[in-house]
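Chemist: Here it is, the structure in full.
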Number of protein chains: 2
Amino acid sequence: MKDAISVLRECHIQPTPQRIAVVDYVLNTRAHPSADEVLEHARKKCPTVSRATVYNTLNLMVKKGLLKTQLLKEGTVFFDPNMGKHHHFIDNETGDIYDIPWDHLQITEKERLKGFEISEYQVIMRGRRKKK
Amino acid sequence: MKDAISVLRECHIQPTPQRIAVVDYVLNTRAHPSADEVLEHARKKCPTVSRATVYNTLNLMVKKGLLKTQLLKEGTVFFDPNMGKHHHFIDNETGDIYDIPWDHLQITEKERLKGFEISEYQVIMRGRRKKK
DNA sequence: TCATCGTATTAGAATAAGTCTAAAATTAGA
DNA sequence: TCTAATTTTAGACTTATTCTAATACGATGA
């Protein structure tokens with residue numbers, strides 16, 4: 001459970017009630033919320049927070065390295081508080097997004113990728129969770 | 001070089017001048033065009049084609065299995081005529097998108113992913129092309 | 001305590017991708 | 001050729017996101 005105020009101070013961002021509400025939710029969830037979902041949750045703690053402030057805060061957090069954006073479905077960006085390397089699985093039926101631990105897959109370069117300087121990568125898997 | 005009219009006939013889609021212009025461009029490029037880029041190119045062959053028709057045709061092609069959508073950058077969907085399995089590399093500096101052949105990478109499941117029925121996957125890599 | 005100044009927040013306007021709609025145009029078939 | 005079905009179109013609409021300009025807040029120094 002990360003303390004929003006401490007995190008904000010460490011990043012030299014002034015802790016305001018609105019930012020605390022955003023950070024407190026987004027850094028302590030295992031979900032991959034959209035901006036709208038963050039807004040909805042942040043309003044439980046700070047009912048007056050505006051959409052613009054949520055976007056401002058999320059973008060600031062991305063810049064400070066507290067969040068990463070993920071492109072997993074058409075139409076919206078998702079904010080991912082899991083900053084360690086990991087892969088993703090998307091359930092096509094429910095839309096649910098799962099983190100897949102980095103060491104569960106091994107990627108080997110069989111053919112040298114000449115001319116490409118890879119700074120990051122991930123595997124994106126789609127399918128469905130097994131019933132039962 | 002795929003013949004647009006034959007492809008449309010095979011898919012039981014009526015070949016109209018507008019559709020031919022769209023299909024002819026999008027199935028014969030190695031790029032990963034956005035809808036807007038398809039519109040721009042299709043207008044070279046059929047100057048009157050509308051944005052709506054381009055979207056209609058592209059969506060129809062996706063449904064018929066002639067194209068795949070790819071989520072590679074924020075804000076737009078890209079249409080990919082390469083229907084074989086492959087991975088992607090995105091140059092963060094230029095925005096260029098490259099196909100990476102499927103057999104250049106080997107993905108091994110080290111830890112069994114229990115409960116996930118994976119129907120498709122790909123590796124998405126980001127970085128930059130090496131100068132030189 | 002109060003005034004001040006920079007920062008933060010806000011509502012709503014603006015933008016951009018994509019979908020929808022209803023009318024007009026085109027095509028296919030009898 | 002006539003009719004019905006299909007296709008195309010412009011523009012309205014929706015949704016995610018950014019921008020803007022006015023207001024509110026908060027820390028500081030007198």
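Chemist: Only four residue types carry charge here, +1 at the Cβ of Lys and Arg and -1 at the Cβ of Asp and Glu. Report the dipole size of the protein assembly as shown about the Cα centre in Debye, rounded to the nearest 20. Write down the numbers at each step before the final one.
Modeler: Details: 44 positive and 34 negative charges, 1 e Å.
Once rounded to the nearest 20, the dipole reads 0 debye.
Chemist: Charges only on Cβ, +1 for Lys and Arg, -1 for Asp and Glu: so what's the dipole of chain B about the Cα centre, in debye to the nearest 20? Don't jump to the answer; show the numbers that get you there.
Modeler: On the way: 22 positive and 17 negative charges, 42 e Å.
Taking the Cα centre of chain B as origin, the dipole is about 200 debye.
Chemist: With each label point set 7 Å from Cα along the Cα-Cβ vector, what nm distance links A:Asn59 and B:Glu109?
Modeler: In this crude label model, A:Asn59 to B:Glu109 measures out at 4.1 nm.
Chemist: Any idea what the dipole of the stretch A:33-110 comes to, in debye rounded to 20, about its Cα centre with Lys/Arg Cβ at +1 and Asp/Glu Cβ at -1? Before the final figure, lay out the partial values.
Modeler: Details: 10 positive and 11 negative charges, 114 e Å.
Using only the charged Cβ atoms, the result is roughly 540 debye.
Chemist: Only sites in a loop by DSSP and with at most 16 other Cβ atoms within 10 Å count here; which trypsin sites (Lys or Arg not before Pro) in the stretch A:1-90 make the cut? Spell out each step's value before the answer.
Modeler: Values: sites: A:Lys2, A:Arg9, A:Arg19, A:Arg30, A:Arg43, A:Lys44, A:Lys45, A:Arg51, A:Lys63, A:Lys64, A:Lys68, A:Lys73, A:Lys85; in loops: A:Lys2, A:Arg30, A:Lys64, A:Lys85.
Here the trypsin sites (Lys or Arg not before Pro) that fit, given the DSSP loop and packing criteria, are A:Lys2, A:Arg30, A:Lys64, A:Lys85.
Chemist: Counting DSSP beta bridges in the stretch B:58-132, what percent are antiparallel, to the nearest 5? Working shown, then result.
Modeler: Numbers: 9 of 13 bridges.
Antiparallel bridges: around 70 percent, rounded to the nearest 5.
Chemist: Related question: Tell me: how much accessible area in total is hidden between B and A, 1.4 Å probe, Å², nearest 100? The partial results should precede the final answer.
Modeler: Values: alone 9430 and 9450 Å², together 15310 Å².
Chains B and A together bury roughly 3600 Å² of accessible area.
Chemist: Rolling a 1.4 angstrom probe over the protein heavy atoms, how many square angstrom per residue are accessible across chain A?
Modeler: Working: 7660 Å² over 132 residues.
Accessible area per residue, chain A: 58 Å².
Chemist: Going down the table (B:Lys2/B:Lys64; A:Lys64/B:Lys73; A:Lys2/A:Lys44; A:Lys73/B:Lys130; A:Lys63/A:Lys85), which pairs top 23 Å between alpha carbons? The partial results should precede the final answer.
Modeler: Working: B:Lys2/B:Lys64 16 Å; A:Lys64/B:Lys73 20 Å; A:Lys2/A:Lys44 18 Å; A:Lys73/B:Lys130 30 Å; A:Lys63/A:Lys85 18 Å.
Listed pairs above 23 Å: A:Lys73/B:Lys130.
Chemist: Using a 7 Å offset from Cα along the direction of the beta-carbon, what are the separations from A:Lys45 to the same position in each other copy, nm, ascending?
Modeler: Between copies, matching label points for A:Lys45 lie 5.4 nm apart.
Chemist: Report the gain in length on full extension from A:Ser6 to A:Ile118: 0.36 nm times residue separation, minus Cα-Cα distance, nm rounded to one decimal.
Modeler: Values: separation 112, 0.36 × 112 = 40.32 nm, distance 3.34 nm.
Going from the current span to full extension adds 37.0 nm.
Chemist: Here's something else I'd like to know. In nm, one decimal, shortest first: how far is the label point of A:Gly65 (7 Å from Cα along Cα to beta carbon) from the matching points in the other copies?
Modeler: 4.7
Chemist: In whole percent, and with a 1.4 Å probe on the protein chains, what portion of the accessible area of chain A is carbon and sulfur? Provide the component values of the computation, followed by the final result.
Modeler: On the way: 3690 of 7660 Å².
Roughly 48 percent of what the probe reaches on chain A is carbon or sulfur.
Chemist: Now for a different question. Where a Cα-Cα gap under 15 Å defines reach, which aspartates and glutamates qualify for A:Lys110, not counting those fewer than 8 residues away within the same chain?
Modeler: B:Asp103
Chemist: Taking a point 7 Å out from Cα toward Cβ as the label site, list the nm distances between A:Thr108 and the same residue in every other copy, smallest first.
Modeler: 0.5
Chemist: Output the 0 to 90 degree angle, nearest 10, between the alpha-carbon long axis of helix A:51-63 and the longest principal axis computed from the alpha carbons of chain A.
Modeler: Orientation of helix A:51-63: about 50 degrees from the principal axis.
Chemist: Also, I was wondering about something else. How would B:Thr57, A:Thr94, A:Thr29 line up by accessible area, probe 1.4 Å, largest first?
Modeler: Working: B:Thr57 5, A:Thr94 85, A:Thr29 30 Å².
From most accessible down to least: A:Thr94, A:Thr29, B:Thr57.
Chemist: Rounded to a whole number of µm²/s, how large is the Stokes-Einstein D of chain A at 10 °C and 1.306 mPa s, given Rh as the Kirkwood radius over C-alpha pairs?
Modeler: On the way: Rh = 16.5 Å.
In µm²/s, the coefficient is 97.
Chemist: How high is the FRET efficiency between A:Trp102 and A:Ser34 when r is their beta carbon distance and R₀ equals 30 Å, given to the nearest 0.05? The partial results should precede the final answer.
Modeler: Working: r = 24 Å, r/R0 = 0.80.
After rounding, the FRET efficiency stands at 0.80.
Chemist: Once you order the gyration tensor axes a ≥ b ≥ c over the Cα atoms, which shape class does the stretch B:4-80 get: rounded for a/c under 1.5, otherwise prolate or oblate by comparing a/b with b/c? Could you put the intermediate results ahead of the total?
Modeler: On the way: a/c = 1.79, a/b = 1.27, b/c = 1.41.
Judged from the Cα gyration tensor, the stretch B:4-80 comes out oblate (a/c at least 1.5, b/c at or above a/b).
Chemist: Express the C-alpha Rg of the protein assembly as shown as a ratio against the empirical globular expectation 2.2 N^0.38 Å, rounded to two decimals. Before the final figure, lay out each step's value.
Modeler: Numbers: Rg = 21.4 Å, N = 264, 2.2 N^0.38 = 18.3 Å.
Rg over 2.2 N^0.38 Å, computed on Cα atoms: 1.17.
Chemist: Roughly what % of DSSP beta bridges within the stretch B:86-127 run antiparallel, to the nearest 5? Before the final figure, lay out the partial values.
Modeler: Working: 5 of 9 bridges.
Given both bridge residues lie in the stretch B:86-127, the antiparallel proportion sits at roughly 55 percent.
The values are calculated or read from the model by the stated rules, or taken from the named source; none is laboratory data. This is a predicted model, so every value here is computed, not measured. Reconstructed Cβ throughout: ideal geometry from the backbone, glycine too, with neighbour counts over all protein chains shown. Quick note on the areas: whole protein, heavy atoms, side chains included, nothing else; ligands and nucleic acids left out. Shrake-Rupley method; radii C 1.70, N 1.55, O 1.52, S 1.80 Å.
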